[in-house]
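Notes to accompany the following structure.
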Amino acid sequence: MANDALNVNAHPAPHGVNGQTSSIGITVRGSDWYWAVTAIMTVATFVIAGLSFTKPRNHRIFHYITAAITMVAAIAYFTMGADLGQTPITVEFKRSNPKVSGTPDNQDREIFYVRYIDWTITTPLLLLDLLLTAGLPWPTILYTILLDEVMIITGLVGALVQSSYKWGYFVFGCAAFLWVAWTVTWTARKHAISLGNDIARTYTICGVWTIFLWFLYPIAWGLCEGGNVISPDSEAVFYGILDIMAKPVFGALLLWGHRNIDPSRLGLHIRDEHEDPASGSGAHQAEKGNKDSSDGIANNGVTPATATPATNTV
């Protein structure tokens, strides 16, 4: 069956949205590529979700986060394959290349805002995968995710701006990204090293892989939404390859590295329904036992009753 999405969803054609059209948009080849990436993300989601059942439920957190990443990406790529989730924006730079020149009366390029909706959800989850692996404190994780959101949203705003002011948002986004990159490559890596060689190795592989790929996204933005240098079909391939590498391949590397790592070593003490709430995980109990011993409390593994605070008498 032929791919007819560009005709079915264009009102008016080509690439119509709310009565406006884009003369610089994907072709059937671009749509076919988006469908292919949809299939990759969908298969990855089912595989990762299936692998989660090989782990106890209190060890599945990284499977769940990673499956959520590819699931959201699958929906986004389905939308782009159908030529939906986009809007026409007049390009700042008029090019002579017929693939990006448009027509004499229309130099609008279709901008897939659904791509940024995807990234707004999935990049914080990617960072959560990484930074939980490093055992970072929650305030640092939350602040890094905030800057990641700044990075994505400024990229979206810049893509929707027709004038040169778009590059101001590009600079804001790059500045936020540099902070995220510093946290991932330096701050979090030091935390991971302190947790053991296996954790440090897994974190370093996944962290370096992620930041290397993320450095290529601003280049793609400059060639596509920003500079109108390459065609929307080439944009689809560029972003699609990056997303495959940054999501399913990243997920495979991360989950392989986590295969023998107990989440409690990362400070993640997750209780399943059959466990006694008072006992907690073995690692947590050991940690508590060490603390109790240091306080001079010998309780033989039994949680003591809350002591009444002593009061000074005059």
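The sole residue among Thr123, Thr87, Thr54 that is polar (S, T, N, Q) and assigned to a helix (DSSP H, G or I) is Thr123. Total residues in the range 24-52 satisfying the condition of being within 25 Å of Pro98 (Cβ to Cβ) and surrounded by 19 or more Cβ atoms within 10 Å (Cβ to Cβ): the figure is 7.
Take Ala67 and decide whether it is closer than 23 Å to Ser31 by Cα, among the small types (Gly, Ala, Ser), touching a helix residue (DSSP H, G or I) at 6+ places or on another chain (Cβ under 9 Å) and not in a loop (DSSP other than H, G, I, E, B). It would help to see each step written out before you state the result.
On the way: closer than 23 Å to Ser31 by Cα: no; among the small types (Gly, Ala, Ser): yes; touching a helix residue (DSSP H, G or I) at 6+ places or on another chain (Cβ under 9 Å): yes; not in a loop (DSSP other than H, G, I, E, B): yes.
So Ala67 does not fit the description; no.
Only one of these conditions is not met by Thr154: (1) closer than 22 Å to Val72 by Cβ; (2) in contact (Cβ under 8 Å) with a residue 60 or more places away in the chain. Which number is it? It is condition (2) that Thr154 fails.
Which of the residues belonging to the range 132-145 are more than 12 Å from the chain's Cα centre (by Cα) and among the hydrophobic types (A, V, I, L, M, F, W, C)? Show your work before the answer.
So the first thing to find is which residues in the range 132-145 are more than 12 Å from the chain's Cα centre (by Cα), and the list is 132-144.
If the condition is that a residue be more than 12 Å from the chain's Cα centre (by Cα) and among the hydrophobic types (A, V, I, L, M, F, W, C), then Leu132, Ala134, Leu136, Trp138, Ile141, Leu142 are the ones that fit.
Evaluating Leu253 against the criteria (1) touching a His at 6+ places or on another chain (Cβ under 8 Å); (2) closer than 20 Å to Ala73 by Cβ leaves one unmet condition, (1). Just one of (1) touching a Ser or Thr at 6+ places or on another chain (Cβ under 6 Å); (2) closer than 30 Å to Gly102 by Cβ fails for Thr183. It is (2).
Screening Ala159 on (1) in contact with a strand residue (DSSP E or B) (Cβ under 6 Å, 6 or more places away or on another chain); (2) crowded, with 20+ Cβ neighbours inside 10 Å; (3) not in a helix (DSSP H, G or I) shows it passes everything except condition (3). For the range 102-135, a residue qualifies if it is in contact (Cβ under 8 Å) with a residue 40 or more places away in the chain and under 19 Å from Leu253 (Cβ atoms), and the qualifying residues are Thr122, Leu125, Leu126, Leu127, Leu128, Asp129, Leu130, Leu131, Leu132, Thr133, Ala134, Gly135.
No lab work stands behind these numbers, since they all come straight from the coordinates. What you see is a predicted model, and the numbers here were worked out from it, not measured in a lab. In this analysis, Cβ positions are derived from the backbone assuming ideal geometry, glycine residues included, and neighbour counts consider all displayed protein chains.
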